[in-house]
Amino acid sequence: MATITITIKLFAHFRNGRFKEAAQRLDPGADCRQVILGLGFRLSEMGIVMVNGQHAPLDQPLNEGDTLALFPLVGGG
Amino acid sequence: MNKILRVNMHDLTTSIEALPPEWAGLGGRALTSAIVAKEVPPTCHALGPDNKLVFAPGLLSGTAASNSGRLSAGAKSPLTGGIKECNVGGTAAQMLARLRINALIVEGTPKGDGWYSLRVSKDGVAIQEEAGLLGLGNFAVIDALQSLLGKKTGVIAIGPAGEMKLTSANISVKDPSGKIRSLGRGGLGAVMGSKRIKFLSIDDEGAPGIQIADPEKFKSASRIFTKALMDHPVSGQGLPTYGTNVLVNILHEAGGLPTRNFTYGQFDGHEQICGETMHDTIVARGGKPRHGCHAGCVIQCSQVYNDKDGQYLTSGFEYETIWGLGANCCISTLDDIALADNIMDDLGLDSIETAVAFGVAMEAGILPWGDGKEVVRILREEIGRGTALGRVIGSGAGAVGRTYGVTRVPTVKNQAIPAYDPRSVKGIGITYCTSPMGADHTAGYTIATNILNVGGQVDPLKKDGQVELSRNLQIATAAIDSTGMCIFIAFPALDIPECLPALIDMLNARFGAQLTGDDVVGLGKRILKTERAFNLAAGMTAADDRLPEFFRTDPVAPHQAVWDFTNEEIDAFWNF
Ligand code: SF4
């Protein structure tokens, strides 16, 4: 089965010791939760999860070319 | 005695009045808006003798409650033509509260050309003639007053922009480190300038202090409240580490970061100006990533930003300013933005109104997009010296648009729209439309729920639930603005069940009152309705509760979103 490639973007302290932006290959049908856990995060650390600039539930499946952005709970202006 | 100080600049007289019973139990925004609504004729000229400038500390200011040291100022706004309340940190609110001054009302305008200052102390308020500090920037005024009156003196001042009565002029309040926090929006600095008051100094020597009706109950409620603030990830961790500027990347990602005068929703240079980069820069240059705008703030969203030689460049460097000159004017050099922020503080200019005015000026071709050096030059040499161009830009985004024939002018009630695109974050558009203050994100910060997942989740791109969200937040905000609390306590208040009851318990313990949650909501509703009634009497109509046309006609990338609320849907906001 062919793999898909997505872009992962991390923000705020999620970047510490990890990366800002990276490409990742996934099996088709992988969802946000799998990627998050695969990066070593706990689900309770997640503030905002966006796929292609829109808020996404954890079980949203990812497609070829998607951008997954992960933010801790931060913010306020 | 709880008292009101009144200053009449026409007769140059002052008086001390007992707090009238109708205003008992009011503070902050509730009190400034009640006074302006009762005493200012809505149709008066905002810079004429009939307008009044009112200062009031919040209900809990001066107590040991965390984050309670905010000061409200109110008047008729020369920018919007409606009622205005701004609030600010700094040291003044706590000093006024300890002096048991519920409000200071400045009325009338002087007959001659002279300038004055006010001296507030335990004996009341005195008017003094002022000449030496005229024309000086806020930093020089604060330095001079600190060496004259001592480090502890409170200062509320206007810079050259206020002296020129520019409608972007703000009022500056000294913070605990001798720098500046601003009563930013709506041109209140011009109102103070129209009364020819360069500054107020406050001396709280011998102040009687705060009397707490039930000190034990207050202490335990205050402990619960502080714990909630520290426990919530936004107020306990996010804001102290990255400040408000962490929002650059979030709004960029969500497609709600207004770019190139609200043409796009994302900015290519976002990584250069974002909170993460700013945090690393501050640390590398020996600045302070966290800093409080008043004693008693446990969140400390503010910071001290140094230049590359490690010298102070600016503080209180907020997302809205960085967005305004950054994405909105396409400037991707944080140092240029920081220098401009410092100059705006010194001149006494609202950094949101001014940044948006620059965006419109760039669209008009007055200066190139992204030219931070030219922004700095115009601030210093045009606005600072009061040239014709400087006065146009210093009069705000609407003035620049009208003068140069620009149609893309992001304002509501002539006040510049801040840092969140209402097409792709629709809840905030309802707040911009309906807030009696004009376009003001703090009046009902739907970003919390639309974007940050605080207080639930309402999809930012859909219309569903936005009017209700904005209404609930505006009601709560009006009440919080009356307590002296910083609005950032709303993050824990929305998520942690003990937080709001603890706040109400503190109010009850402070005043020996029996307020319930419903009473607080009722207070918020009354404030909004009072403010709206003032605006209607001043000549505004439902047609003023609208976004500019281009938000309907020009889709914003990347979501190609447009503003698609009907007038009826917007007007339903007021059904409460
Ligand atoms: S959180 Fe920020 S704005 Fe609020 S009181 Fe503290 S420093 Fe001031």
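The values are calculated or read from the model by the stated rules, or taken from the named source; none is laboratory data. Every value quoted in this text rests on a predicted model; they were computed, and no experiment measured them. A quick note on method: Cβ atoms are made from the backbone with ideal geometry, for glycine too, and the neighbour counts reach across all protein chains shown. Ligands, DNA and RNA are stripped out before the accessible areas are found, and what is left, the full protein with its side chains, is counted by its heavy atoms. Shrake-Rupley method; radii C 1.70, N 1.55, O 1.52, S 1.80 Å.
Things worth noting here:
- Per-pair calculated FRET efficiency, R0 = 25 Å: B:Ala513 and B:Asp123 via Cβ, rounded to 0.05: 0.25
- For the stretch B:3-202, the antiparallel share of DSSP beta bridges with both residues in that region comes to about 75%.
- 20 Å cut-off, amide nitrogen to a point 7 angstrom out along A:Thr67 Cα→Cβ, residues in the stretch B:233-257: B:245-257
- Expressed to the nearest 5 percent, the antiparallel share of DSSP beta bridges inside chain B is 80 percent.
- Here the protein assembly as shown has 50 percent of its accessible surface on carbon and sulfur atoms, given a 1.4 Å probe and all protein chains in place.
- Rounded to 5, percent antiparallel among DSSP beta bridges of the stretch B:1-109: 75 percent
- Cα-Cα separations in chain B greater than 44 Å, expressed as whole percent: 9 percent
- Å³ per residue enclosed by the Cα convex hull of the protein assembly as shown: 141 Å³
- Considering helices alone, the calculated mean residue ellipticity of chain B at 222 nm is -11000 deg cm²/dmol, with DSSP H runs of length four and up weighted by -39500 (n - 2.57) and normalised per residue.
- Projected-area average for the stretch B:3-202 over all orientations - Cα convex hull basis, square nanometres: 9.8 nm²
- Using alpha carbons only: equivalent-ellipsoid semi-axes of chain A, gyration tensor based, whole Å: 20, 13, 11
- Mean partner shielding of peptide B:459-469, defined as the number of other chain Cβ atoms within 10 Å of each residue Cβ, is 1.
- Burial of accessible area (probe 1.4 Å, heavy atoms of protein chains only) in the stretch A:46-77, relative to its chain alone, reaches at least 30 Å² for A:Ile48, A:Met50, A:Gly53, A:Gln54, A:His55, A:Phe71, A:Leu73, A:Val74, A:Gly75, A:Gly76, A:Gly77.
- Fully extended contour minus Cα-Cα distance, from B:Ala542 to B:Asn567, at 0.36 nm per residue: 8.1 nm
- Principal axis dimensions, the stretch B:241-421 - Cα atoms, whole angstrom, descending: 44, 38, 30
- Distance between the C-alpha centres of the stretch B:198-272 and the stretch B:105-154: 29 Å, rounded to the whole angstrom.
- Probe 1.4 Å, protein heavy atoms only - accessible area per residue of the protein assembly as shown in square angstrom: 34 Å²
- Summed buried accessible surface, chains B and A, 1.4 Å probe, nearest 100 Å²: 2000 Å²
- Karplus (6.51, -1.76, 1.60) ³J(HN,Hα), θ = phi - 60°, over the stretch B:113-128, in Hz, Gly and Pro reported as x: 9, x, 10, 9, 9, 10, 10, 9, 8, 5, 8, x, 10, 10, 9, 10
- For the stretch B:520-564, the Kirkwood hydrodynamic radius from C-alpha pairs, put into Stokes-Einstein at 37 °C and a viscosity of 0.692 mPa s, yields a diffusion coefficient of 252 µm² per second.
- Estimated D of the stretch B:460-557 in µm² per second, where Rh is the Kirkwood radius over Cα pairs and Stokes-Einstein applies at 10 °C, 1.306 mPa s: 99 µm²/s
- If R0 equals 60 Å, the separation of the Cβ atoms of A:Thr7 and B:Thr13 corresponds to a calculated FRET efficiency of about 0.30.
- Alpha carbon centroid spacing (whole Å) that separates the stretch B:477-491 from the stretch B:315-333: 25 Å
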